[in-house]
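Here the structure comes first, spelled out in structure tokens, and everything after it is commentary.
The values are calculated or read from the model by the stated rules, or taken from the named source; none is laboratory data. Just so it is clear, the model here is predicted, and its values are computed rather than measured. Here the Cβ positions follow ideal geometry from the backbone for every residue, glycine too, while neighbour counts run over all protein chains shown. Each accessible area value is taken on the protein alone, full model and side chains, heavy atoms only, with ligands, DNA and RNA left out. Shrake-Rupley method; radii C 1.70, N 1.55, O 1.52, S 1.80 Å.
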Amino acid sequence: MNIDIFPDATTVAQEAASFIAAEARAAVAERGRFVMAVSGGKTPWMMLRALAGEKVPWEKMHIFQVDERIAPTGSADRNLTHLQESLLSHVPLKAEQIYAMPVNEADLETAAQKYTHLIESVTGCPIFFDLVHLGLGADGHTASLIPEDQVLKVIDRDVAITSIYQNHQRMTLTYPTLNRSRKILWVVTGAEKTEAFAHLLNRDLQIPGSLIVQNHATLFADRAAQGSLDIGLLKRSPLKIGIASDHGGFGLKKELITRLQYLGYLVTDFGASSLIPEDDYPDYVIPLAQAVGAGSVTRGIAICGSGVGATVCANKVKGARAALVENHFSVKQGVEDDHINILCLGGRTMGLEVTWDLVQTYLQSNFSHANRHLRRLHKVDAIV
């Protein structure tokens, strides 16, 4: 992710406006239009006002919303209210070029589907925005992808409805939609964002913002948000995941790969590449475990019919610490205390949704580096 730090929020807004204008000109030159989605917030409204002073092909612009509160038309709580105020009276943009989320409809789920179809009518299917603008909450949320909300698990819809958050239910674009965009622009300002900012740059999966892909993202922040953070130390690559299975877990592996890729993980499939009823799990698990041990992938997932064979096999490889786990407590503790780096699963013993919950817990947990756990692991490593 490209990161630039500026003195204050005003400068961030101006630089973000210049960035959007340049992207708009390039998109129109290449594809004949510019389609972006914008989030709410004080600095973004400043950004949009600053955009009025830039050279922008307004007649080719299509502006959608990233998220919106369920509130009456014209309410100060609505992102749309500020979006319209920031643009319509300041630039040659027609009202119909701003596509409002239909949050006043009685059936919100149907309204979300309607907004999906509206976006598709402009971008085609699947949805590809030229640029998505995102902010970052102090709690690490982005768009209306809220900590612990069920909306975080939605991967089969482009637009979804959240639970109540800060007194409002919301409509939001989902991870698949956001992660498919050609460019992502983060705008982060304010000292209250420093902790979340650090988590974002660390790809710390305990915050929703970290599941946004970073390889085509640009982030503009002010010095208040940076605080005392060393940006150079915090720049890290996306978490690399390796996955392997024999015939006993082939179907489950395919489903997990799809979900992991939707969330922006870099996934390497160690096989099998096709369903072979008589294949042997060591042929796939050993290369995976060797890659984990060598550090070429960060975390591994190994699947066979029961998960037992994959566990036994992986633990024969130097540097691999594999465990067959079927509950959240053991997954979390296994990573935090025992530093497991390969999660083993039974393709014939667990359903997809239970497995997916365990995989997310596994990837969102980190080794504690506590002295007592290091001491115990050194004793394990000493076993010949």
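Could you work out the local net charge near residue 247, counting Lys and Arg as +1, Asp and Glu as -1, over the other residues with Cβ closer than 14 Å to its Cβ?
Summing Lys and Arg as +1 and Asp and Glu as -1 gives -2.
Just need the relative contact order of the chain here, percent rounded to a whole number, with Cα pairs under 8 Å and 6+ apart.
For the chain, the relative contact order is 13 percent.
Counting other Cβ atoms within 10 Å, keep those with at most 14, restrict to DSSP loop, and tell me which trypsin sites (Lys or Arg not before Pro) in the range 227-320 are left.
Here the sparse-neighbourhood loop sites are 235, 236, 316, 318.
Cα axis of helix 42-51 to longest principal axis of the chain: angle in degrees, 0 to 90, nearest 10?
Here the helix axis deviates by roughly 60 degrees.
I'd like the orientation of helix 250-262 relative to the chain: the angle between its Cα long axis and the longest Cα principal axis, in ° from 0 to 90, rounded to 10.
Result, in degrees: 30.
Among bridges DSSP assigns within the chain, what percent are antiparallel (round to 5)?
15 percent
Given 333, 344, 317, which one lies farthest toward the positive end of the charge dipole of the range 311-350, if we put +1 on the Cβ of every Lys and Arg and -1 on the Cβ of every Asp and Glu?
Toward the positive end, the furthest listed residue is 317.
With a 1.4 Å probe and all protein chains kept in place, how much accessible area does residue 352 have, in Å² rounded to the nearest 10?
The accessible area of residue 352 comes to roughly 50 Å².
Among the lysines, which have Cα under 28 Å from the Cα of residue 183 when same-chain residues fewer than 8 positions away are ignored?
42, 55, 60, 94, 114, 153, 193, 235, 240, 254
By how many nm would the segment from residue 106 to residue 353 grow when fully extended, if each residue of separation counts as 0.36 nm and the alpha-carbon distance is taken off?
That pair, residue 106 and residue 353, stretches by 85.9 nm at full extension.
Please give the charge dipole size of the range 237-384, origin at the Cα centre, charges +1 on K and R Cβ atoms and -1 on D and E Cβ atoms. Round to the nearest 20 debye.
Using Cβ point charges on Lys, Arg, Asp and Glu, the range 237-384 gives about 580 debye.
Measuring from the lowest to the highest alpha carbon on each principal axis, how far does the range 317-362 reach, largest first, in angstroms?
30, 21, 12
Roughly what angle does helix 371-381 make with the longest principal axis of the chain, taking Cα atoms, 0 to 90 degrees, to the nearest 10?
50 degrees
Count neighbours as other Cβ atoms within 10 Å of each site's Cβ, and list the chymotrypsin sites (Phe, Trp or Tyr not before Pro) in the range 107-185 that are DSSP loop with at most 10 such neighbours.
Hits after loop and neighbour filter: nothing returned.
Count neighbours as other Cβ atoms within 10 Å of each site's Cβ, and list the GluC sites (Glu not before Pro) in the range 135-208 that are DSSP loop with at most 12 such neighbours.
148
Just subtract the alpha-carbon distance of residue 75 and residue 258 from 0.36 nm times their residue separation and send over the number in nm, one decimal.
62.0 nm
Using mean Cβ contacts within 10 Å as the protection proxy, how do 289-298, 102-111 order, highest first?
289-298, 102-111
Just one of (i) 5, 22, 28, 23, 14, 7, 1, 0; (ii) 5, 25, 34, 25, 9, 1, 0; (iii) 5, 20, 30, 27, 15, 3, 0 is P(r) over Cα pairs in 10 Å bins from 0, in percent as worked out from the coordinates here. Which one is it?
Matching the structure shown: (i).
Between residue 283 and residue 315, 0.36 nm times their residue separation minus their Cα-Cα distance comes to what?
Answer, rounded to one decimal: 10.1 nm.
I'd like the antiparallel share, as a percent to the nearest 5, of DSSP beta bridges with both residues in the range 24-171.
Beta bridges within the range 24-171, antiparallel portion: roughly 35 percent.
Percent of accessible area on the chain owned by carbon and sulfur, 1.4 Å probe?
It is 50 percent, rounded to a whole number.
Mean separation of Cα pairs under 8 Å and 6+ residues apart, divided by the residue count of the range 1-147: what relative contact order is that in percent?
For the range 1-147, the relative contact order is 24 percent.
Using a Förster radius of 22 Å, what is the FRET efficiency between residue 122 and residue 216 based on their Cβ-Cβ separation? Nearest 0.05, please.
Computed FRET efficiency for residue 122 and residue 216 comes out at 0.60.
Compute the FRET efficiency between residue 148 and residue 384 as 1/(1 + (r/R0)^6), taking r as their Cβ-Cβ distance and R0 = 56 Å, and round to the nearest 0.05.
Plugging the Cβ-Cβ distance into 1/(1 + (r/R0)^6) gives 0.80.
Given the options 189, 7, 41, identify the residue whose Cα lies farthest towards the positive end of the charge dipole of the chain (+1 on Cβ of Lys, Arg; -1 on Cβ of Asp, Glu).
Toward the positive end, the furthest listed residue is 7.
Which order do the peptides 244-252, 32-40 take when ranked by the mean count of other beta-carbon atoms within 10 Å per residue, highest first?
Most protected by this proxy first, the peptides run 244-252, 32-40.
Placing +1 at every Lys and Arg Cβ and -1 at every Asp and Glu Cβ, with all other atoms neutral, what dipole size does the chain have around its Cα centre, in debye to the nearest 20?
Approximately 720 debye in magnitude.
Please name which of 198, 167, 215 has its Cα lying farthest along the dipole of the range 151-226 towards the positive end, using unit charges on Cβ (Lys, Arg +1; Asp, Glu -1) and the Cα centre as origin.
Going by the charge dipole, the pick is 215.
Taking the mean number of other Cβ atoms within 10 Å as a proxy for protection, how do you rank 49-55, 182-188 from highest to lowest?
182-188, 49-55
Do the sum for the chain: with -39,500 (n - 2.57) for every DSSP H run of n ≥ 4, divided by all residues, what is the mean residue ellipticity at 222 nm, to the nearest 500 deg cm²/dmol?
-11000 deg cm²/dmol
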